[in-house]
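Working notes, structure below.
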Amino acid sequence: MKRSTERNDARPSSSVLKAVALVDHVVRAGTPVSLADLSDAVAVPKPTAHRLARLLEGAGLVRKDPLTRRYTVGAALVDLAFHAIGVGAGQSNRGLLLTRLSENLGETVNLGVLSGNEIVYLDRVEAAWPLRMDFKPGSRVPLHCTANGKLLLALAQPAVRRNLLRRMQLVACTPRTITSRARLQRELIEIARRGWSEDNEEFLVGVCCLAVPVRDRRGRVVAGLAVSAPSARFDLARARGHLPGLREAAAAIGRELEIERGRRFA
């Protein structure tokens, strides 16, 4: 009787781990993956991969494109990830690093990631000024007219960038918003060359931003770190003078993200 119970306990654990491995592969692939890709990555037969994928799709953790029949990250997984990262910020040094950076600059800083055709703020520390912007972690902003958006777009994998540019609507948020696809592509090339991005009142009138990439230990860009402030108080010329400090903070945050990932998979 005891042996039978042990077998029954082991069976779901194995299925759960395979499902987790499948989700992990979809997330890390960076591009939509086929059922054959999933089968190979998780080392299970195609029927098993299909069954697991259907269960995950039903839970919203992965999404299957009805035309290509390839799998991408689901909305429920994105929502769960943002909540998990938000909770983790209070249990790690990441929030402390952002707070220190905000205090050193005297301005608001935020950490953002690419989510579909938008940027989502993972963390945000507001400056202690009466005039400030009320964006909270989880807020979404456009790609084409924000410093983090243009940065992560410029540094994305070519196939991802082409797909996003093809689907993107270049809505004018201010008179300075770039609404020409050709001009935006030229700016993305320049951003990739110099390694940082600016928003010169392109998203909000009177507000400028500067962003640098956060990389993991393999050099892959995993997020963008930006400082934002009213132009009258902290213009782009002054912001550029803080590039060394921003890059130093981005490197520290990248190391902290690696530590957090190590804890999760320990």
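Condition first: in a loop (DSSP other than H, G, I, E, B), within 19 Å of S115 (Cα to Cα) and among the aliphatic types (A, V, I, L, M). Now tell me which residues in the stretch 147-196 satisfy that. Residues satisfying the conditions are L155, A156, M168, L170, V171. Take the residues of the stretch 1-31 that are outside any helix (DSSP H, G or I) and under 22 Å from D216 (Cβ atoms): which is modelled with the lowest pLDDT? Checked the stretch 1-31; the qualifying residue modelled with the lowest pLDDT is G30.
On inspection, A211 does not qualify as under 20 Å from E126 (Cα atoms), in contact (Cβ under 8 Å) with a residue 12 or more places away in the chain and loosely packed, with under 14 Cβ neighbours inside 10 Å. The single condition from (1) more than 30 Å from A53 (Cα to Cα); (2) at pLDDT 65 or above that S92 fails is (2).
Residue by residue, here is whether (1) buried (at least 23 other Cβ atoms within 10 Å of the Cβ); (2) of a type in the set (K, R); (3) at pLDDT below 75; (4) over 14 Å from V212 (Cα atoms) holds:
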| position | (1), (2), (3), (4) |
| --- | --- |
| V120 | no, no, no, yes |
| K136 | no, yes, yes, yes |
| V141 | no, no, no, yes |
| T146 | yes, no, no, no |
| L151 | yes, no, no, no |
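The values are calculated or read from the model by the stated rules, or taken from the named source; none is laboratory data. Everything quoted here is computed from the prediction, not taken from an experiment. In this analysis, Cβ positions are derived from the backbone assuming ideal geometry, glycine residues included, and neighbour counts consider all displayed protein chains.
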